[in-house]
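Worksheet: one structure, shown below.
The values are calculated or read from the model by the stated rules, or taken from the named source; none is laboratory data. Computed from a predicted model, the values in this text were never measured in an experiment. As a convention, Cβ positions derive from the backbone with ideal geometry for all residues, glycine included, and neighbour counts pool all protein chains shown. Remember, those area values only see protein heavy atoms, side chains included, never the ligands or the DNA or RNA. Shrake-Rupley method; radii C 1.70, N 1.55, O 1.52, S 1.80 Å.
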Amino acid sequence: MAKTRKEGIPKSVFTVVILIAVGGLLAFGMLGTSINAEEDILKITGLHSQKILYSDMESIELMDELPIITAKTGGFSMAGKRIGSFTTNEYGKVKLFLFNNIGPFIYIEKANGDIVILNNKEPDLTNKLYDDISSR
């Protein structure tokens, strides 16, 4: 029995809805993240958002290299941008908020042992963010 035109419409609508949803998630992942040093907290908005109290930071370092990333365990990774949970050789599980693969990178070890590694779109912005965080 041949398909009629009406039977193909629901599949087309479903495909369009899926494509729009995937496109929206990609756009949110690429554009929706920001990092701000506020008075008492480091506020990361977007996918995998976090608020890190400065008092919960055990250490903070500015480094030129990233550890070897072995796996993405939850999050977003596209066009050099990595946001979410990843595994590294050196630190094990970490949270990454990376806009690109260009250093420097800010390494934060929280009091509970969690590691957060982040940078900004431009090296100068990353340096300024590091200065803002470390001065608190």
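Could you count how many residues in segment 31-62 are over 17 Å from D114 (Cα atoms) and assigned to a loop (DSSP other than H, G, I, E, B)? Lay out the reasoning, then the answer.
Of the residues in segment 31-62, the ones over 17 Å from D114 (Cα atoms) are 31-40, 45-47.
After this cut, where a residue has to be assigned to a loop (DSSP other than H, G, I, E, B) as well, the list is 32-33, 38-40, 46-47.
Going through segment 31-62 one residue at a time, the tally reaches 7.
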Query raised in the report: Limited to segment 92-110, what total is found for residues that are at pLDDT below 95 and not hydrophobic (A, V, I, L, M, F, W, C)?
Result: 3
**Report entry** Within segment 106-125, considering residues that are within 14 Å of I60 (Cα to Cα) and touching a residue at least 60 places away in the same chain (Cβ under 8 Å), the one surrounded by the most Cβ atoms within 10 Å (Cβ to Cβ)
**Finding:** L118
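Can G8 be described as modelled with pLDDT under 90, buried (at least 17 other Cβ atoms within 10 Å of the Cβ) and not in a strand (DSSP E or B)? Walk me through it before giving the result.
On the way: modelled with pLDDT under 90: yes; buried (at least 17 other Cβ atoms within 10 Å of the Cβ): no; not in a strand (DSSP E or B): yes.
No; evaluated as a whole, the condition is false for this residue.
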Report summary line: Of (1) within 15 Å of the chain's Cα centre (by Cα); (2) modelled with pLDDT of 95 or more; (3) buried (at least 17 other Cβ atoms within 10 Å of the Cβ), T87 satisfies every one except (3)
Query raised in the report: With respect to the numbered conditions (1) modelled with pLDDT under 95; (2) in contact with a Phe, Trp or Tyr (Cβ under 8 Å, 6 or more places away or on another chain); (3) open to solvent by 50 Å² or more (accessible area, probe 1.4 Å), which one is the sole condition not fulfilled by I133?
Result: (3)
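Could you say which residue among G80, G92, G75, G113 is under 12 Å from the mean Cα position of the chain (by Cα) and over 18 Å from T126 (Cβ atoms)?
On the way: G80 fails: over 18 Å from T126 (Cβ atoms); G92 fails: under 12 Å from the mean Cα position of the chain (by Cα); G113 fails: under 12 Å from the mean Cα position of the chain (by Cα).
Going through G80, G92, G75, G113 in turn, the sole match is G75.
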Requested in this report: For residues that are touching a strand residue (DSSP E or B) at 6+ places or on another chain (Cβ under 6 Å) and at pLDDT below 85, scanning just segment 31-71, find the one that is most open to solvent (accessible area, probe 1.4 Å).
Outcome: H48
Report summary line: Across segment 90-100, the tally of residues that are surrounded by 15 or more Cβ atoms within 10 Å (Cβ to Cβ) and not in a loop (DSSP other than H, G, I, E, B) stands at 5
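Checking the condition open to solvent by less than 40 Å² (accessible area, probe 1.4 Å) and either part of a loop (DSSP other than H, G, I, E, B) or touching a residue at least 60 places away in the same chain (Cβ under 8 Å) (or both), which residue from G103, G74 passes? Please lay out each step first, then the result.
Numbers: G74 fails: either part of a loop (DSSP other than H, G, I, E, B) or touching a residue at least 60 places away in the same chain (Cβ under 8 Å) (or both).
Testing whether each residue is open to solvent by less than 40 Å² (accessible area, probe 1.4 Å) and either part of a loop (DSSP other than H, G, I, E, B) or touching a residue at least 60 places away in the same chain (Cβ under 8 Å) (or both) leaves just G103.
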